[in-house]
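To keep things clear, I will list the structure first and then write my remarks on it.
Bear in mind that the values in this text are calculations on the coordinates, not laboratory data. This is a predicted model, so every value here is computed, not measured. Every residue, glycine as well, gets a Cβ built from its backbone with ideal geometry; the counts of neighbours run over all protein chains shown.
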Amino acid sequence: MPGKHKKDAPPLEPTDPHLAILRAVARVPAGCVASYQAVAEAAGLPGRARLVGSVLGRCPLSDDVPWHRIIGADGRIRDRRGGGATEQRRRLGLEGVEVDERGRIDLSVHAWRLRGR
DNA sequence: ATAATGACTTTCA
DNA sequence: TTGAAAGCCATTA
C-alpha cells in the first residue's frame, strides 16, 4: 500500500496527452483531412496544435496512424525538415484526396468534421 | 530554472 | 495571394 508521503508519479496515465492525440488522429476517416488544431481539439486539448505536430514528428512514419491526413489549418500540407511531404501527398492521392501542385487541399470537400451532433 | 526548438495559427502589411 | 512577426505550448537541452 502506498503510504508514501512524497508524491509518486506514474509514467503513463489514461489521460496522457500523447495518447489522446494519437487516438484522435486514428479516428480521422480515409479520404478526409484534419488540421493540427482540429486534432488537438478532438483530443480534448484545445490550443495544443503544436503539440500534435511534435508527437507526429517523433513517431515513425508508420501505417499505424494516418499521419498523412493531418495538414495545416489553411488546408495545405505543412513543410517540415527531411521531407515526407511528398510521401504524404502520394498517400492522400491514393485515398482519393485531390492535392494541388502547391499542396493545397479543398477543405470544403475533404475537411473532417467532428462527429457529435 | 531558463533558453531554444518545433509536422502550428493568426494577424498585419 | 504571399510573406513576415507575434502568439502559443509542451518538449528538450
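When the stretch A:29-52 is filtered for residues that are within 6 Å of DNA strand B (Cβ to nearest atom) and closer than 11 Å to A:Ile71 by Cβ, the ones remaining, listed by number, are A:Ser35, A:Tyr36, A:Gln37. Considering only the stretch A:39-70, state which residues are away from DNA strand C (no atom under 15 Å from the Cβ) and surrounded by 13 or more Cβ atoms within 10 Å (Cβ to Cβ). Result: A:Ala42, A:Leu61, A:Val65, A:Pro66, A:Trp67, A:His68, A:Arg69, A:Ile70. Number of residues in the stretch A:12-28 that are more than 10 Å from DNA strand B (Cβ to nearest atom) and buried (at least 18 other Cβ atoms within 10 Å of the Cβ): the value is 5. Counted as qualifying within the stretch A:12-76 are the helices (runs of 4 or more DSSP H) with 2 or more residues that are without any contact (Cβ under 8 Å) to a residue 60 or more places away in the chain and basic (Lys, Arg), namely A:49-58.
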